[in-house]
Structure formats: C-alpha cells, structure tokens
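One structure is given here, and the rest of the page talks about it.
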Amino acid sequence: MASPDDLKFQEFEEATDLLSSNPGASTLSVSSPGAAASSGDVRVDLSDEEDNQEESSELLGGEKQTGGFWTFEYYQSFFNVDTMQVLDRIKGSVMPLPGRNFVKHHIRNNPDLYGPFWICVTLVFSVAISGDLFTFLNEMGDPGFHYRPQFNKVSIAAVTVFLYAWLVPLGVWGFLTWRQSVERHISGYTFLETVCVYGYSLFIYIPASILWTIPINWLEWLLIIIALVISGSVLVMTFWPAVRDDTRLTAFATMAVIVSLHALLAVGFKLYFFKTPTYTGSSHSGQQTSPATNHTTLAAEKVST
C-alpha cells in the first residue's frame, strides 16, 4: 500500500534543470487551491491571442473580397471552377433529367464563364470546319469543282455563336428581372447564371455538327431534331420554374420564344454551313439542247427557202 508521502507532489530533476537554465521562467504551483487563488503573480492574458485572431480573420476576409470590375481579380472569380465541375455540367447539359433544374443541381450558386467560353469557341471551329468539309465531300465528284478553304465561315460562325450566347441570355435575364418587379412572387436568375445555362446548352451542337458532315439529308435533319430536343430541354426545365407562377399567357409565350430562338440557331447552322448543293445541270442541258437548236435552225432555213 502506498504511503502518504508517495501521494505528495515532488520536485523532479528535469524540472530543476529547466529552472536552473531559465531562472526567469514563470511557474505555477498547484500544491494548494488557496495558494493559487491568493497568488497574484500568475495571470492568464488572452488579449494578445484575441487580437491575433481578429487580425487573421480580417486577412482571410480580405482575400475573399474581390476588387472592382476593372481589376483582374473581379473576372478571375468567374473562372473559379475545376475540371470535375465543368465535366459534371457538360454531362448535365447532354443528359437532362425531368424535374432537375440545371441551375440548382449543377451550377449551385457558382456560375462560371470558363465552360461557356470554350464551348462557344469549340462550336465556332466545329461548325465552320465541318461545314467546309461537308461542301468538299458533296462537290468532290464534280470535275469542275476546285476546293478553296472558306475562312469567312469562321468569322460568320463566331459572330453568330457569341451574339446568341450573350444577347439572348441578356434579353431573357432582363425580361425575368422586369417581371420580378411587376410580380413579386416570380423567381429569377442572375445574368451570369443565365449566360452559364445558355453556354452549356450549346455543347450538344459540337458532336452534332461533326455528324452533319454525313451527306444524307434526312439524317442531318434527324440529328438537328435530336440536338434541339436535348438542348431545348435544358432551357425549358431551367426557365419554366421561373415563369410558371406568372400569367399563363406570359409563361407559355416566354418559353415559346426561348425554344424558337434556339431552334432558329440550329436550323440556321444547317441552311448556311451545311447547305446541300443543287445541281442545275447547265452543262448537260447545254449538250442536249444544242442539237435541238441546230435542227430548229435547219428547219427554219428550209421553210424560208
């Protein structure tokens, strides 16, 4: 059994060595509670630590703040996404599920311009190059055809795609903002969220434009319809919850305009960049009509004589 002396606090050699090496170190004696309470030498001052915590929190808060729109940091926040987020949003745009709002399930209060920008750039070159290749494949059997790269199609595609990806979302966002001021119960999206939805909805046209090079007319229109249904579904399931609480006429008219403009873009791609050449048969008709013209001339000469 332990003796009472074994249960008392004792001084150890290590503590003695530490005190001898640093005589000015503060010590705390816990031999008796009364002595600790009465001793005025030992104080715990946390004011310095609190000040340091406040300074660190201010620094962290300053890192999250962005500058004005003229600074680089302001636009850097629009590209603050990783590869997995971009791939998830692309997947959501090509496989829309009923009842899944693209903004709430994929953007989640973090809209970006990185994905929409590169989707638009890729679509510009995809449509222009595929359209040029489509023309070459259709005219390849004509001996009088001489291939010339049509670089002007790149400029036309760029103007068309970027104007659509910016002006149409601007109009939709402005209309929803105006309806929010008129009808308080109507929800809406920010301009950046609207641009993000439209940008990702255009991704399906990239593989579709590559398949449009197949010179089969009915297959091209079928691919256009499939791409339009997939892409239009993303827009409908995103903007319908924002306008369904409006008047019935306004809600259906808004969705009809959104889908019609989207369809106009797809049909415009087909009619301009992938236009099937029409053969008038002028060379063949010239060879066929020349003998008839000769016979008519000979007959007229015989009648006159």
Q.
Among the listed residues Trp178, Trp173, identify the single one that is under 25 Å from the mean Cα position of the chain (by Cα) and surrounded by 14 or more Cβ atoms within 10 Å (Cβ to Cβ).
A. Trp173
**Q.** Output for the range 88-107, where each listed residue is more than 17 Å from Ile230 (Cβ to Cβ) and open to solvent by less than 100 Å² (accessible area, probe 1.4 Å)
**A.** Val103, Ile107
(Q) Yes or no: the range 205-214 includes at least one residue that is closer than 17 Å to Asp112 by Cα, crowded, with 16+ Cβ neighbours inside 10 Å, out of contact with any Phe, Trp or Tyr (no Cβ under 7 Å at 6 or more places or on another chain) and not acidic (Asp, Glu). (A) no
Q.
With the structure loaded, tell me whether Val81 is in a helix (DSSP H, G or I) and either hydrophobic (A, V, I, L, M, F, W, C) or surrounded by 13 or more Cβ atoms within 10 Å (Cβ to Cβ) (or both) or whether it fails that test.
A. no
Q: Please list, ordered by first then second residue, the pairs with beta carbon atoms under 9 Å, 6 or more apart or interchain, first in the range 246-273 and under 30 Å from Gly131 (Cα atoms), second open to solvent by 20 Å² or more (accessible area, probe 1.4 Å) and not in a helix (DSSP H, G or I).
A: none
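Out of curiosity, is Phe269 in a helix (DSSP H, G or I) and either at pLDDT below 90 or open to solvent by 80 Å² or more (accessible area, probe 1.4 Å) (or both)?
No.
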(Q) Looking only at the range 108-138, how many residues end up being surrounded by fewer than 16 Cβ atoms within 10 Å (Cβ to Cβ) and not in a helix (DSSP H, G or I)? (A) 3
Q) Any idea which of (1) under 11 Å from the mean Cα position of the chain (by Cα); (2) in contact (Cβ under 8 Å) with a residue 60 or more places away in the chain; (3) more than 14 Å from Ser233 (Cα to Cα) is the one Ser93 doesn't satisfy? A) (3)
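The values are calculated or read from the model by the stated rules, or taken from the named source; none is laboratory data. Keep in mind it's a predicted model, so treat the numbers as computed, not measured. Cβ: placed from backbone, ideal geometry, glycine included. Neighbour counts: every protein chain shown. The accessibility values were calculated without ligands, DNA or RNA, using every heavy atom of the protein model including side chains. Shrake-Rupley method; radii C 1.70, N 1.55, O 1.52, S 1.80 Å.
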